[in-house]
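Visitor: Before we start, here is the structure in question, set down as structure tokens.
The values are calculated or read from the model by the stated rules, or taken from the named source; none is laboratory data. Source: prediction; values computed, not measured. Note: ideal-geometry Cβ built from the backbone for every residue, glycine included; neighbour counts use all protein chains shown. Side chains are part of the model used for accessible areas, which takes the heavy atoms of the whole protein and leaves out ligands, DNA and RNA. Shrake-Rupley method; radii C 1.70, N 1.55, O 1.52, S 1.80 Å.
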Amino acid sequence: MRKTTSVMIVTSGLCLTCLTGIRAEAQERSVHPDIENYFSLVNQDFSGLRALDTTSFVEKFWRIPGNKGFNESIFRVESILQDAGYIPEEQAKESDRLVYRIERRSMKRLTWEPIRANLTILGDDKPLLTTDINRNIPLINSRSTPPGGVFAEVVHVGGARRADFDDVEIEGKIVLGEASPRRLYREAVLHRGAIGILCYRIPSFNQPDQHVNSIPFGSIPQDAENQGWGLMLSKAAHDRLLSDLKNGPVRVHVEMETRLYASEELTLIAFVNGSEAPQEQFVFSAHVQEPGANDNASGVGCQAEMARVMAKLLTTGAIDPKRSITFLWGDEIRSTHRYITEDPERDKSVKWGISLDMVGEDTTRTGGTFLIEKMPDPSAVWPRGDDHFSEWGGKPIDLARMMPHFFNDFILNRCLEQARTNGWTVRTNPFEGGSDHVPFLNAGKPSVLMWHFTDVYYHTDGDRIEMVSPDTLKNVGVSALVCALVLTSADPDIARYIIDEIEEAALLRLEKEFTLSCAALEDQGSWEREFLILRAWTDWYREAVGTVREIEIGETSMQTIHAIERAAERIERTGSDYLARINSMRKQ
Ligand SMILES: [Zn+2]
């Protein structure tokens, strides 16, 4: 007899009457008692403030693989793991279940570190820009100016197309432009002998008209030959330079101090070894590099607290995951790709992955919401209704790239369960890419991204610790950890519970897509397109429920197989009914 605790499952911000959005139906549904138990155990121990403390330590550094800030961040997490009881792999015994290692790799490129930079218009008594206020001024890989800095004239080349350089004296000057810093540097310094660049380029979602002093970070090529450098500008600084240039030549004083040096790239990996199938693992990945607090010191801090809570619950005997749980801290995408593909045995053992990237936003300050970026489903082919790409910039993908899987709804439901007690806003977006979930998907493994968007301070030097909320870190960390605990428990009863929730999600989705298709047809939409969309969703969910076979260790029980077959049959029948109705509309 399953003890029921009633729960309202409602997706935030959806308009029920117009039947848009994924889960417009408020529905009574009981949370599986084991899942409920995981939530109370993890919520009890997880400290948002502790995660914030680590985030605060990491965000002080501009982290680039190999540099002091990156390595110090890795060592900080290492000390948290050691305090929690994780043993260095080289000292660990076979029986140790909490183990970690730091992988060291020589780097082909020099690492880089900014120290300080100033830009002053001659005649002004104070700098126009200084790293005391804006830490993103120096473009990554910039070299130091000679001691005392350089004085030179500024020439403006607009978008830095080839023609913009015609009839402009460039040699020995400082070039101002509105183009990608790499292209501006190539055209101005590498090809025409400028001594440095001033670059203005900021995406509209950073709202530069409002945040006139925000500066996004960027990079230039490593260039030992020219010893060149570049500065990123804020809107305010850019406007000032352009208005001065209207009144005649402008000379500036630039001081830049940076360090480039040979170093090693570090990757930290912690393991909670499973008791029954330790060779099968659920992998979390949080990238360390980049200068931001939310992007991604928050992921580093949240994941460190997750690893600490796991150790605590394991050593106290409160949990006993049958499969292993792995936490990876490293360079974005590259370290995850390497972890999955470097060793064929390990490749086989990775079953599920989650990228924790931008997981601490205080959305009252940053705007945006928490988002689960789904694995490729038909909403990434036909984004409509409440499914839309973020401002980060997803594009529709091909139907051939679909990855039907229970993971999308499974993760969403766990986050909604965490949200039921505190009003946390949980939304999803169609697959876009650009983070550590991609290497998993490229290897054919189920994976989602937990993030926030639109964060108005994304990739700018406004992304500092005051934009991070300990409550958000807790909501994300608890939900993510419960997801891993549920799937590494490999419990047949939970597997069948998940079949029910996938079937429910399928029926809700098919109903909404049917309603959207009807509206589209009424609006002279293409019948072929609507038929294809409904067919795609039916196929996607029929296949997705079948992936629940992954949950039980070894052979899937007959009971679960029968439950899958029944659910798949009901999904197919429901989808076919809607297709038949769409078909009948064609004839009319
Ligand atoms: Zn990131």
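Visitor: Being free of Cβ contacts under 8 Å to residues at least 60 places away in the same chain and open to solvent by 20 Å² or more (accessible area, probe 1.4 Å) is the filter here; which residues of the stretch 316-333 pass it? First the steps, then the outcome.
Guide: Residues of the stretch 316-333 that are free of Cβ contacts under 8 Å to residues at least 60 places away in the same chain, as a first pass: 316-317, 320, 326-327.
Residues satisfying the conditions are Thr316, Gly317, Asp320.
Visitor: Now for a different question. Please determine, by comparing only the residues of the stretch 430-452 that are part of a loop (DSSP other than H, G, I, E, B), small (Gly, Ala, Ser) and closer than 23 Å to Gly360 by Cβ, which one is farthest from the ligand (Cβ to nearest atom).
Guide: Gly433
Visitor: Looking at the stretch 331-374 only, could you name the residues that are within 14 Å of the ligand (Cβ to nearest atom), of a type in the set (Gly, Ala, Ser) and within 27 Å of Gly274 (Cα to Cα)?
Guide: Within the stretch 331-374, Ser335, Ser355 meet the criteria.
Visitor: Applying the selection to the stretch 159-180, what residues are open to solvent by less than 20 Å² (accessible area, probe 1.4 Å) and either within 14 Å of His238 (Cβ to Cβ) or assigned to a loop (DSSP other than H, G, I, E, B) (or both)? Break it down stepwise before answering.
Guide: Within the stretch 159-180, the first condition is being open to solvent by less than 20 Å² (accessible area, probe 1.4 Å), and the residues that meet it are 159-160, 165, 170, 174-177, 179.
Listed by number, the residues that qualify are Gly159, Ala160, Ile170, Ile174, Val175, Leu176, Gly177, Ala179.
Visitor: Tell me, which residue of the stretch 384-409 that is open to solvent by less than 30 Å² (accessible area, probe 1.4 Å) and in contact with an Asp or Glu (Cβ under 7 Å, 6 or more places away or on another chain) is farthest from Val31 (Cα to Cα)?
Guide: Quick first cut of the stretch 384-409, residues open to solvent by less than 30 Å² (accessible area, probe 1.4 Å) only: 387, 390, 394, 397, 405-409.
Cutting the leftovers down to in contact with an Asp or Glu (Cβ under 7 Å, 6 or more places away or on another chain) gives us 390, 394, 408-409.
On the way: Ser390: 30, Gly394: 33, Asn408: 17, Asp409: 14 Å.
The residue in question is Gly394.
Visitor: Still on this structure, I have one more. Which of the residues that make up the stretch 544-578 are surrounded by fewer than 14 Cβ atoms within 10 Å (Cβ to Cβ) and in a helix (DSSP H, G or I)?
Guide: Correct list: Met558, Gln559, His562, Glu565, Arg566, Glu569, Arg573, Asp577.
Visitor: Does the stretch 94-117 hold any residues that are free of Cβ contacts under 8 Å to residues at least 60 places away in the same chain and small (Gly, Ala, Ser), and which are they?
Guide: Going through the stretch 94-117, the residues free of Cβ contacts under 8 Å to residues at least 60 places away in the same chain turn out to be 94-95, 108.
Correct list: Ser95 only.
Visitor: Additional query: In the stretch 285-318, what residues are within 16 Å of the ligand (Cβ to nearest atom) and on the phi > 0 side of the Ramachandran plot?
Guide: Hit for the stretch 285-318 is Glu290, nothing else.
Visitor: When you check Ile74 against the structure, is it open to solvent by less than 10 Å² (accessible area, probe 1.4 Å) and either part of a loop (DSSP other than H, G, I, E, B) or over 16 Å from Leu313 (Cβ atoms) (or both), yes or no? Spell out the reasoning first.
Guide: Values: open to solvent by less than 10 Å² (accessible area, probe 1.4 Å): yes; either part of a loop (DSSP other than H, G, I, E, B) or over 16 Å from Leu313 (Cβ atoms) (or both): yes.
In short, yes.
Visitor: For Glu342, are the conditions met, namely being open to solvent by 30 Å² or more (accessible area, probe 1.4 Å) and more than 24 Å from Leu52 (Cβ to Cβ)? Full working, then the answer.
Guide: Working: open to solvent by 30 Å² or more (accessible area, probe 1.4 Å): yes; more than 24 Å from Leu52 (Cβ to Cβ): yes.
Here the answer is yes, as Glu342 does meet what is asked.
Visitor: In addition: Just need a number here: residues in the stretch 224-240 that are part of a loop (DSSP other than H, G, I, E, B) and farther than 15 Å from Thr130 by Cα.
Guide: Residues of the stretch 224-240 part of a loop (DSSP other than H, G, I, E, B): 224-228, 233-234.
Checking the rest, the ones that are also farther than 15 Å from Thr130 by Cα come to 224-228.
Residues that pass the stated criteria total 5.
Yes/no per residue for (1) at pLDDT below 95; (2) buried (at least 21 other Cβ atoms within 10 Å of the Cβ); (3) assigned to a strand (DSSP E or B):
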{"site": "Arg259", "(1), (2), (3)": "no, no, yes"}
{"site": "Glu265", "(1), (2), (3)": "no, yes, yes"}
{"site": "Phe271", "(1), (2), (3)": "no, yes, yes"}
{"site": "Ser285", "(1), (2), (3)": "no, yes, yes"}
{"site": "Leu314", "(1), (2), (3)": "no, no, no"}
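Visitor: Right, something else. If you check every pair at least six apart or on different chains, which have Cβ atoms under 9 Å apart with a residue in the stretch 270-287 that is more than 19 Å from Ser447 (Cβ to Cβ) first and a residue that is within 16 Å of the ligand (Cβ to nearest atom) and modelled with pLDDT under 95 second?
Guide: Final answer for the pair search is none.
Visitor: Separate question: How many residues are closer than 19 Å to Asp83 by Cβ, touching a strand residue (DSSP E or B) at 6+ places or on another chain (Cβ under 6 Å) and of a type in the set (Ser, Thr, Tyr) when one looks only at the stretch 290-325?
Guide: The total comes to 0.
Visitor: Regarding the stretch 45-57, can at least one residue be identified that is surrounded by fewer than 20 Cβ atoms within 10 Å (Cβ to Cβ) and in a loop (DSSP other than H, G, I, E, B)?
Guide: Yes: the stretch 45-57 contains one or more residues that are surrounded by fewer than 20 Cβ atoms within 10 Å (Cβ to Cβ) and in a loop (DSSP other than H, G, I, E, B).
Visitor: Same structure again: Go through the stretch 393-429 and count every residue that is more than 18 Å from the chain's Cα centre (by Cα), within 24 Å of Arg529 (Cβ to Cβ) and assigned to a loop (DSSP other than H, G, I, E, B).
Guide: Here the count works out to 6.
Visitor: When you go through Arg384, Arg346, Arg338 one by one, which is the residue that is among the basic types (Lys, Arg) and within 30 Å of Thr425 (Cβ to Cβ)? Break it down into steps so the answer makes sense when it comes.
Guide: On the way: Arg346 fails: within 30 Å of Thr425 (Cβ to Cβ); Arg338 fails: within 30 Å of Thr425 (Cβ to Cβ).
Checking each option against the conditions leaves just Arg384.
Visitor: Would you confirm, using the coordinates I've provided, whether Pro321 is away from the ligand (no atom under 16 Å from the Cβ) and within 24 Å of Glu36 (Cβ to Cβ)? Reasoning before the result, please.
Guide: Values: away from the ligand (no atom under 16 Å from the Cβ): yes; within 24 Å of Glu36 (Cβ to Cβ): yes.
In short, yes.
Visitor: Can you spot a residue in the stretch 520-536 that is under 24 Å from the mean Cα position of the chain (by Cα) and part of a helix (DSSP H, G or I)? Write out each step before concluding.
Guide: Residues of the stretch 520-536 under 24 Å from the mean Cα position of the chain (by Cα): none.
Checking the stretch 520-536: not a single residue is under 24 Å from the mean Cα position of the chain (by Cα) and part of a helix (DSSP H, G or I).
Visitor: Can you say whether Leu508 is touching a Lys or Arg at 6+ places or on another chain (Cβ under 7 Å) and assigned to a helix (DSSP H, G or I), as far as the supplied structure shows?
Guide: On the way: touching a Lys or Arg at 6+ places or on another chain (Cβ under 7 Å): yes; assigned to a helix (DSSP H, G or I): yes.
Spelling it out, Leu508 is indeed touching a Lys or Arg at 6+ places or on another chain (Cβ under 7 Å) and assigned to a helix (DSSP H, G or I).
Visitor: Pick out the one residue from Ile197, Ile121, Ile115 that is loosely packed, with under 15 Cβ neighbours inside 10 Å, at pLDDT 95 or above and not in a loop (DSSP other than H, G, I, E, B).
Guide: Numbers: Ile197 fails: loosely packed, with under 15 Cβ neighbours inside 10 Å; Ile121 fails: loosely packed, with under 15 Cβ neighbours inside 10 Å.
Sole residue among the options that is loosely packed, with under 15 Cβ neighbours inside 10 Å, at pLDDT 95 or above and not in a loop (DSSP other than H, G, I, E, B): Ile115.
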